[in-house]
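**Q** Sharing a structure, written as structure tokens. Questions coming.
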Amino acid sequence: MNRDQDSSTARALAAAGDLDSARDVGALDRAAKAVDRKLGASRAGLVERLIYGPPPAAAELQSGAVMANTVAGSERAVVDAALGCLARSEAFTADGRLSDALRRTVAAERAYGYTVTAELGGAAASYGELAAVEEALAANGLGPLAVEISGQLTIGAGSLLAYGDDYQQRTFLPLVVEGRPMAFGLTEVGVGVNAKKIQAYVEEQTDGSYRLFAEGAANKLWITNAVHGGLIGIVARVGKDGPSIGLFVLELPNADVPTGAGQDYEFRCEPSGVAAFVANFNSRLHFRNFPLPKRNRIPADGVEVLFYCLRMGRCMLAAMAAGYQRMLARDASHYAIRRLGVGGPVIRHELPRLNLGRILGGALQARALAYLSLQQDADGVDLAGLRDLTKSAAAGAGVESMLAAEHVLGGRSFHGGSRVNDARVNLHLFGVVEGEDDLILMGMVRDITQRFVEGYLAALLSVIQSVNVAPDGGKLPEQQRLLRIGLASLLHHPRRSVTAFARLLAQPKFWSLCGWVARNGARDVVSLPLRLLPSAAFARYRVLPAALRPYARFAERKLRMLRWSYLGVSLFFQLELTRAQIPLQRFGKCVEHLVSMLAICHHAALGDQSMREVAALQAQLLKDKYRAIRIVSDLVALQRTRRMTAAVGASIEAGRCSLIDDVAPQAFGHDWEPNAADRNPSR
Ligand SMILES: Cc1cc2nc3c(=O)[nH]c(=O)nc-3n(C[C@H](O)[C@H](O)[C@H](O)COP(=O)(O)OP(=O)(O)OC[C@H]3O[C@@H](n4cnc5c(N)ncnc54)[C@H](O)[C@@H]3O)c2cc1C
């Protein structure tokens, strides 16, 4: 797959004067590109094909449902064992954490080594089968166990399975199978989403071994599954300030090692104090001069490994979100049937029914996307685009379902100890972990449009770049730089604008773009009369139940129209699009809603009547959401919103926002500033 646009995005950012972002995005793109090379996908991504063609066959769109039906039931051994523990009240400790008894029980079913090969003692299950376990655990009140196993097998052992050498796999994977928790440690006190900026580092010793330093703001933070005696893949720079980022696998000591304890190193593993994933291990880790054998270095870039593992992590998160929402729907409907509201049982009224439908629809959406992504990955299709919207849609639906459940269950949804109440923070967290939803949606837009941008728009961007060069060959000062060529630039900078137009006309790629517009425009006009035909006239919609056909057709048509929206947005914003996050995020949301509609219709086509009813309602709700988003059709309002956003942001940044300037901010937990008073990680 050609991902050269990643560097062209960085180039565009640099041309727009945003050098910091250009550097950061360029570094992250290189890691993503390396993952693409490793995966060696044989087909372009599904989302890109839905927009730019050729359209995927109906069978491909239903392949996720086939997988879901095939793996259904395979989860029983693990889930029944876990539910047995729950029924005996042995699953959680008195303070609400996962119990050792539960861990031992599911470890005996090889749950912690579910996707590890049989040769190393694992269950050799597929990721589809793992998704079935994840969904069923979360649906039955064992979401925290699902979180633990997902972390263990995606970003934890997933790194060893994909990148570990023979020694590392044979040494550590049998421990993983036994149930030794395995974590992945990238995030630091001082570094979050900008993964390439981590500060933890190793120093190479003369014998080839390493010493690890992760002190103060370089402490690893919020590391799920990190516990004394557990395993971890830890990401650290090779050499202080060195350019390369390594990954090291190690067994964490069984206890803290303080200064002066007879060792020449320090180690601490303390609870991170986070109020989500509260039933799980979640830690802050400190290392000083910590010894790492040479053979524990995994031969890969740490950020690349993270990106590789995140694709499965995002699918598992969606499976968990499906399970959590099924649990919410079960408990909320049970309540609504029994509880008398104004004028009869709550279930009889339209709004509670809508809320219940919303929750079920969210569950179906998350499940349909999770399995579609997993099957695409198994089929060697590039997962760019789909993996991101799967995660964003599943996390977003999870939060909406939580709100819907609260409106049905009323006060009892906040009852301490109820599984609905316990789910709240985790469902909220799903929007932030494994990539924050809005950031990954913007990444998705770049991924699915990169071929089009490289093929047709790069010339336009390079022309604008060329008129921002000073006579001495350097860059013009920021205030003189042109980001858009149009009427306004023609009035204020006529000479440079005319030069840009002239250079554009001389670019062969400009004429390729004109050809693309003519071809695609003609095709759309010619196919216009086909819209008069009913959906049943098309073989690709006849595979769907009649009630779902119009939704699938609508989604496909609108997805194809999005190629015009992207062109419109690109021509309007030009180089400024590197900064215009609001239109990019909105475009991403449109894609998310439409692909979700399509996935739901095809998934439910292989389900029973009740599932089809849920699918029809959810498809309608998604259609409503899609219609509420205006991008190209209301650029004036969009620009107004951007200007207002800029003004509010600037007043906040300058510290002159009267609504908050008399309110003192609270000190952060885990402050990262050099002389921060807060050194207590559990606060
Ligand atoms: C319970 C929990 C478990 C976790 N488990 C792990 C784990 O096992 N291993 C691990 O390594 N990490 C883990 N994390 C870390 C998690 O992945 C990070 O919280 C996440 O990467 C975000 O980092 P941050 O919170 O420091 O946010 P920051 O990096 O400080 O970002 C703050 C916000 O700014 C936004 N933002 C930043 N830059 C831009 C931009 N250019 N444009 C628009 N918005 C921007 C971000 O999207 C984010 O919403 C966990 C976190 C939690 C809370």
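**Q** If you scan the range 262-277, which residues turn out to be under 17 Å from Asn421 (Cα atoms) and out of contact with any Pro (no Cβ under 8 Å at 6 or more places or on another chain)?
**A** Selection gives Val274, Ala275, Ala276.
**Q** Give me a count of the residues in the range 472-508 that are open to solvent by 60 Å² or more (accessible area, probe 1.4 Å) and of a type in the set (S, T, N, Q).
**A** 2
**Q** Right, next: Among the residues of the range 420-433, count how many are surrounded by fewer than 23 Cβ atoms within 10 Å (Cβ to Cβ) and within 13 Å of the ligand (Cβ to nearest atom).
**A** Qualifying residue count, the range 420-433: 6.
**Q** Can Gly122 be described as touching a Ser or Thr at 6+ places or on another chain (Cβ under 8 Å), buried (at least 21 other Cβ atoms within 10 Å of the Cβ) and not in a loop (DSSP other than H, G, I, E, B)?
**A** no
**Q** Moving to a separate point now. Counting only residues that are outside any strand (DSSP E or B) and open to solvent by less than 80 Å² (accessible area, probe 1.4 Å), which one in the range 261-271 is nearest to the ligand (Cβ to nearest atom)?
**A** Only one residue tops the list, namely Tyr265.
**Q** Let me ask you something else. If we keep just the residues of the range 167-206 that are under 30 Å from Ala118 (Cα atoms) and either near the ligand (Cβ under 9 Å from one of its atoms) or not in a helix (DSSP H, G or I) (or both), which is most open to solvent (accessible area, probe 1.4 Å)?
**A** Per the stated criteria, the residue is Arg180.
**Q** What number goes with the only condition from (1) within 26 Å of Gly362 (Cβ to Cβ); (2) surrounded by 19 or more Cβ atoms within 10 Å (Cβ to Cβ) that Tyr112 does not pass?
**A** Result: Tyr112 fails condition (1) only.
**Q** Which ones in the range 12-29 are in contact (Cβ under 8 Å) with a residue 12 or more places away in the chain, more than 18 Å from the chain's Cα centre (by Cα) and assigned to a helix (DSSP H, G or I)?
**A** Of everything in the range 12-29, those that are in contact (Cβ under 8 Å) with a residue 12 or more places away in the chain, more than 18 Å from the chain's Cα centre (by Cα) and assigned to a helix (DSSP H, G or I) turn out to be Ala12, Leu13, Ala15, Ser21, Ala22, Arg23, Asp24, Gly26, Ala27.
Residues are listed down the side, and each one gets a yes or a no for (1) open to solvent by 10 Å² or more (accessible area, probe 1.4 Å); (2) touching a residue at least 12 places away in the same chain (Cβ under 8 Å):
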{"residue": "Pro291", "(1), (2)": "yes, yes"}
{"residue": "Arg297", "(1), (2)": "yes, yes"}
{"residue": "Cys315", "(1), (2)": "no, yes"}
{"residue": "Gly323", "(1), (2)": "no, yes"}
{"residue": "Pro345", "(1), (2)": "yes, no"}
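**Q** How many of the residues making up the range 234-260 are in contact with a Leu (Cβ under 8 Å, 6 or more places away or on another chain), more than 16 Å from the ligand (Cβ to nearest atom) and in a loop (DSSP other than H, G, I, E, B)?
**A** Within the range 234-260, residues that are in contact with a Leu (Cβ under 8 Å, 6 or more places away or on another chain), more than 16 Å from the ligand (Cβ to nearest atom) and in a loop (DSSP other than H, G, I, E, B) number 0.
**Q** For Val274, indicate whether it is within 9 Å of the ligand (Cβ to nearest atom) and more than 21 Å from Glu304 (Cβ to Cβ).
**A** Here the answer is yes, as Val274 does meet what is asked.
**Q** Scan (1) more than 14 Å from the ligand (Cβ to nearest atom); (2) within 28 Å of Leu28 (Cβ to Cβ); (3) modelled with pLDDT under 95 for the single condition Gly417 breaks and write down its number.
**A** Going through the list (1) more than 14 Å from the ligand (Cβ to nearest atom); (2) within 28 Å of Leu28 (Cβ to Cβ); (3) modelled with pLDDT under 95, Gly417 breaks only (2).
The values are calculated or read from the model by the stated rules, or taken from the named source; none is laboratory data. For clarity, every value in this text was computed on a predicted model and none was experimentally measured. Virtual Cβ from ideal backbone geometry, glycine too; neighbours counted across all protein chains shown. These area figures cover heavy atoms from the full protein model, side chains too; ligands, DNA and RNA do not enter into them. Shrake-Rupley method; radii C 1.70, N 1.55, O 1.52, S 1.80 Å.
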